[in-house]
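Novice: Mind having a look at this structure? Questions to follow.
The values are calculated or read from the model by the stated rules, or taken from the named source; none is laboratory data. As the structure is a prediction and not an experimental result, all values here were calculated from the model. Glycine gets a Cβ as well: all are built from the backbone with ideal geometry, and neighbour counts include every protein chain shown. Accessible surface areas use protein heavy atoms only, side chains included; no ligands, DNA or RNA. Shrake-Rupley method; radii C 1.70, N 1.55, O 1.52, S 1.80 Å.
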Amino acid sequence: MRNAVEALDRLAGGLGTAVLALATLACWLVVGAASLFWVGLPLLPAVVSMTRVVADKERARLGRWGEPALTPYQSSVEGLSRQDALRAVRRDPATWRDLRWLALHATSGLFLGLLGIAFPVMAVRDITFPLWYRLLPESETTTSMFLPLTWVGILGTVVIGVVWVVLCLTIGPGMARLQALPGRRLLPPHPSVDLSDRIAQLTATRAGALRAHAAELRRIERSLHDGAQNRLTAVVVLVAAARRALDRDPAAAGPALDRAQDAAETALRELRGVVRGILPPILQDRGLAGALTALAADCPVPCRVSVAEPGAVPLSVETTAYFTVAEALTNVAKHSGAAHARVALHRRGDTLRVEIEDDGRGGAVERDGSGLAGIRRRVAAHDGVLTVTSPAGGPTRIEAELPCVS
């Protein structure tokens with residue numbers, strides 16, 4: 001149901017950009033026909049700008065669903081003379097890719113968007129038909145699906161309404177992906193364009209990963225220095241005291257050895273805690289699905305888990321997904337005041353998607369040094385996307401998309 005509602009949202013958004021694409025395509029046809037007689041040439045830069053605005057809207061829409069596309073244009077047509085603008089547009093590979101996307105999205109995107117909206121509308125209409133068919137004019141002799149207006153026809157209409165619901169749940173997500181396919185293929189930058197923006201993004205990601213790595217090393221060093229190292233030092237001191245006591249007063253050696261044993265056991269527990277913080281053993285013992293289920297079971301807030309087996313995933317990605325859920329559930333327990341939480345994990349192609357949602361008070365703010373900032377650094381280190389939605393009053397929703405290509 002959640003996937004169907006999300007698909008309906010995508011299809012509705014795609015329908016909006018498809019209508020804009022259809023209007024822009026009509027402008028291209030009119031201006032192109034007028035340009036054959038040299039009348040439409042002055043309007044070409046304006047139509048190109050309109051095309052780029054519509055394409056940018058589609059890029060922004062895809063970006064909201066975790067499919068970001070950088071603006072690929074090599075130059076702007078604003079402020080250029082007509083000849084310079086036409087020359088720049090003709091040389092830019094993104095122009096021809098935009099035109100191909102415009103034609104595809106204005107046709108297939110519009111059709112899929114209308115079909116996606118029509119399914120739930122027809123489902124509501126036909127399932128509720130027995131409640132309002134008596135309001136039809138007396139001259140009406142058929143149901144909404146042209147079945148006879150008898151109890152058999154009315155029951156058949158309800159069954160058809162259930163079929164519309166089944167279609168929404170089954171093929172709706174596929175329709176949304178198909179509608180977005182031309183945009184994902186044609187709207188990102190062409191391989192021949194300047195990749196400086198991508199290089200800058202990767203540089204920033206690498207710097208963030210190095211900072212996260214340095215912070216993790218400091219955390220491990222602090223845990224070892226303040227915890228296990230002090231405990232082991234106490235063990236050494238207590239064992240030395242017990243050895244001296246054996247020469248002077250053997251009866252006093254027993255309590256000293258007991259304290260040394262307690263200190264050694266405490267140091268062992270703290271070392272195990274540090275090891276779990278580096279790479280949780282449960283990931284190797286039970287896999288990612290089992291590890292997330294165990295995290296949800298230990299959460300003080302009742303947590304529902306929906307985990308699909310992700311298949312072969314790099315260990316670094318599994319670790320990041322695990323710590324993302326662990327940190328998010330810690331925040332839920334400490335700060336949200338939630339009564340229920342939800343964890344979902346599934347894989348779409350080469351992308352692992354992790355979702356954590358709670359019904360708490362919301363208002364989560366990402367600050368330097370906060371848990372959310374730490375999650376973002378971990379996700380960014382894998383070139384992933386983190387989306388945090390937390391309006392005042394809730395709910396709070398965290399979505400992480402991690403590329404899992406080895």
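Novice: Report, by residue number, each residue of the range 319-350 that is in contact (Cβ under 8 Å) with a residue 12 or more places away in the chain and open to solvent by 50 Å² or more (accessible area, probe 1.4 Å).
Specialist: Result: E327, T330, H335, G337, A339, H340, R347, D350.
Novice: Let me ask something else about it. Return the only residue of A392, A380, A373 being in a loop (DSSP other than H, G, I, E, B) and more than 16 Å from L292 (Cβ to Cβ).
Specialist: From the options A392, A380, A373, the qualifying one is A392.
Novice: How many residues are under 18 Å from T320 (Cα atoms), in contact (Cβ under 8 Å) with a residue 40 or more places away in the chain and open to solvent by less than 50 Å² (accessible area, probe 1.4 Å) when one looks only at the range 358-380?
Specialist: Residues in the range 358-380 being under 18 Å from T320 (Cα atoms), in contact (Cβ under 8 Å) with a residue 40 or more places away in the chain and open to solvent by less than 50 Å² (accessible area, probe 1.4 Å): 6 in total.
Novice: Could you check, for the range 138-149, whether at least one of its residues is acidic (D, E) and either assigned to a loop (DSSP other than H, G, I, E, B) or at pLDDT 90 or above (or both)?
Specialist: yes
Novice: Go through the range 7-50 and count every residue that is in a loop (DSSP other than H, G, I, E, B) and either touching a Lys or Arg at 6+ places or on another chain (Cβ under 8 Å) or open to solvent by less than 50 Å² (accessible area, probe 1.4 Å) (or both).
Specialist: 1
Novice: Limited to the range 89-116, what total is found for residues that are open to solvent by 80 Å² or more (accessible area, probe 1.4 Å), modelled with pLDDT under 90 and among the hydrophobic types (A, V, I, L, M, F, W, C)?
Specialist: Result for the range 89-116: 1.
Novice: Pairs please, first residue from the range 299-312 and at positive phi, second anywhere and open to solvent by less than 80 Å² (accessible area, probe 1.4 Å), Cβ atoms under 8 Å, 6+ apart in sequence or on different chains.
Specialist: Listed pairs, sorted by first residue: G311/R347.
Novice: Further question: Could you run through the range 381-406 and say how many residues are within 14 Å of the chain's Cα centre (by Cα), among the β-branched types (V, I, T) and open to solvent by 20 Å² or more (accessible area, probe 1.4 Å)?
Specialist: Of the residues in that region, 4 qualify.
Novice: Can you confirm whether the range 154-176 contains a residue that is of a type outside the set (V, I, T), touching a strand residue (DSSP E or B) at 6+ places or on another chain (Cβ under 9 Å), open to solvent by 30 Å² or more (accessible area, probe 1.4 Å) and more than 25 Å from V54 (Cβ to Cβ)?
Specialist: no
Novice: Somewhere in the range 41-61, is a residue without any contact (Cβ under 8 Å) to a residue 40 or more places away in the chain, of a type outside the set (D, E, K, R) and within 27 Å of R348 (Cα to Cα)?
Specialist: yes
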